[in-house]
Protein chains: 2
Amino acid sequence: MKLDEAKQHFIQSWGTLGSNWGINRTMAQIHALLLVSSEPISTEDMMEQLQISRGNANMNTRTLIEWGIVTKTHIPGERREFFVTDKDIWALARQIVKQRRQREIEPMLRVIQEVKNVEGNDKETKEFKELINDIDSFTQKADDLMDKFIRSDEHWFYRQLLKMV
Amino acid sequence: MKLDEAKQHFIQSWGTLGSNWGINRTMAQIHALLLVSSEPISTEDMMEQLQISRGNANMNTRTLIEWGIVTKTHIPGERREFFVTDKDIWALARQIVKQRRQREIEPMLRVIQEVKNVEGNDKETKEFKELINDIDSFTQKADDLMDKFIRSDEHWFYRQLLKMV
DNA sequence: ATGTACTTTCAATTATTTCTGAAAGTTTTA
DNA sequence: TAAAACTTTCAGAAATAATTGAAAGTACAT
């Protein structure tokens, strides 16, 4: 397999993987393109290599920047902007976990708090409260794990895995 | 807050949470409805409570069954089918992790294997190979963690969390 | 100040996903 | 065996999400 072929294949797969996780395909593809590129990439490059429009490239790149996994950079003598991503997969994973934690765990905990205030003492209400408490406890533990992961490094994670039986 | 109100609110939020994770809203809502119901639920019940069509209810329930998180049940004297879900949140989490592992980790590892066979010895190829190796190593560790989680119980998970600093 | 090179925005279009509902299929009952 | 009770299927409709492209915006250079 030739390098370009391999890169292309990787970009496509990364796109599919992303869309399975509620991340739009183009956004994941732009990220993959940055991952496999040895040089910073311009909007033009993205448009050409991924066959997408300027608007699409611009919007999705912006979202990647907001997520903190892509950064703008400048090349001396060049006027336009270039983009790069951190090639450290662990840093990437941490950043993504951080985002999802903020965007999903927090709203979930808020909903849990809200529905905890349900009135009544009958069997059905008690069952409901028990369910909500279980979800609360689970969510808090997931939150705790994510928090530890975000603050960790690769070796920490590896050591934790080894400690588990 | 009244019980019905709380249930309704929970069902909506569960739907939103699901759709953030690439699970369709109705499917997540059906699951939530089953979670908060003290009795088994029929297709008719779903249609009425979630205001959805028969086909929609049927298809999404089937998918939940395929995922192993909902099961058919029968009520003595009733001809039609009823559905229930396990109220154990940990069992649910394990089942979901199991599904996603199978549906996403395995294809990812296959792609990684494919692009590993890239030809060439130049700097760019080496960089690409290094990236792929990092992703491979990360994916394998994620796979390992998921595997341990799937085989675990709540207490195991809790103990692991405590062991982590 | 004007032109040039580039970036951003967003209304309109296109693609994708989800949902409906009626018809076909299946199982039970009489 | 036939009708009734229920479930499944799937083509088309509707809803939602993603994308385009041209116009507006910005910043730099002369």
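Only Lys, Arg, Asp and Glu carry charge here, each on its Cβ (+1 for the first two, -1 for the last two); on that basis chain B has a dipole of about 240 debye about its Cα centre.
Other protein chain C-beta atoms within 10 Å of residue C-beta, averaged over B:128-136: 4. Ligands, DNA and RNA left out, the accessible area of the protein assembly as shown computed with a 1.4 Å probe is 49% carbon and sulfur.
Can you tell me the equivalent ellipsoid semi-axes for the stretch A:89-163? Use √(5λ) from the Cα gyration tensor, largest first, whole Å.
Working: eigenvalues 222, 39, 8 Å².
Equivalent ellipsoid of the stretch A:89-163: 33, 14, 6 Å, largest first.
Ranked from largest, the principal axis spans of the Cα set of the protein assembly as shown equal 75, 45, 35 Å.
Could you tell me the total accessible area buried at the B-A interface, probe 1.4 Å, in square angstrom to the nearest hundred? Provide the component values of the computation, followed by the final result.
Numbers: alone 11560 and 11550 Å², together 17850 Å².
Looking at B and A, the buried total is near 5300 Å².
Here the chain A residue lying nearest the rotation axis onto B, judged by its C-beta and given with the distance in whole angstrom, is A:22, 2.
Between this copy and the others, label points of residue B:144 are 2.3 nm apart in ascending order, each placed 7 angstrom from Cα in the Cβ direction.
For residue B:83, the residues whose modelled amide H falls within less than 5 Å of its own, excluding neighbours fewer than 5 places apart on the same chain, are B:41, B:42, B:73. For the stretch A:82-165, the solvent-accessible area with a 1.4 angstrom probe is 55 square angstrom per residue.
Taking all protein chains as shown and a probe of 1.4 angstrom, residue A:146 keeps an accessible surface of around 40 Å². The same position residue B:24 in the other copies lies at 2.1 nm from this copy, comparing label points 7 Å beyond Cα toward the beta-carbon, shortest first. Between identical copies, the spacing of residue A:97 label points, each set 7 Å from Cα toward the C-beta atom, reads 1.3 nm from nearest to farthest. About the centre of its Cα atoms, the protein assembly as shown shows a dipole size close to 240 debye [charges on the beta carbon of Lys, Arg (+1) and Asp, Glu (-1) only; nearest 20 debye]. For chain A, place one equal point scatterer on every Cα, skip the solvent, and apply the Debye formula. What is log10 of I(q)/I(0) at q = 0.10, 0.13, 0.15, 0.19 Å⁻¹? With one equal scatterer per Cα and no solvent, log10 I(q)/I(0) is -0.54, -0.78, -0.93, -1.19. The largest accessible area among B:84, B:115 belongs to the first residue in B:84, B:115, and the rest follow in falling order (1.4 Å probe, all chains).
Ranking B:146, B:112, B:160 by Cα position along the charge dipole of the stretch B:89-163, where only Lys, Arg, Asp and Glu carry charges on their C-beta atoms, puts B:160 farthest toward the positive end.
Normalised by the residues of chain B, what does the relative contact order come to in percent, with Cα pairs under 8 Å and at least six apart? Show your work: numbers first, answer last.
On the way: 131 pairs, mean separation 24.8, N = 165.
Value for chain B: 15 percent.
The values are calculated or read from the model by the stated rules, or taken from the named source; none is laboratory data. From a predicted model like this one, the values you see are computed outputs, not experimental measurements. Heads up, the Cβs are rebuilt from the backbone with ideal geometry, glycines too, and the neighbour counts pull from every protein chain shown. Accessible surface is based on the protein model in full, side chains and every heavy atom, while ligands, DNA and RNA are left aside. Shrake-Rupley method; radii C 1.70, N 1.55, O 1.52, S 1.80 Å.
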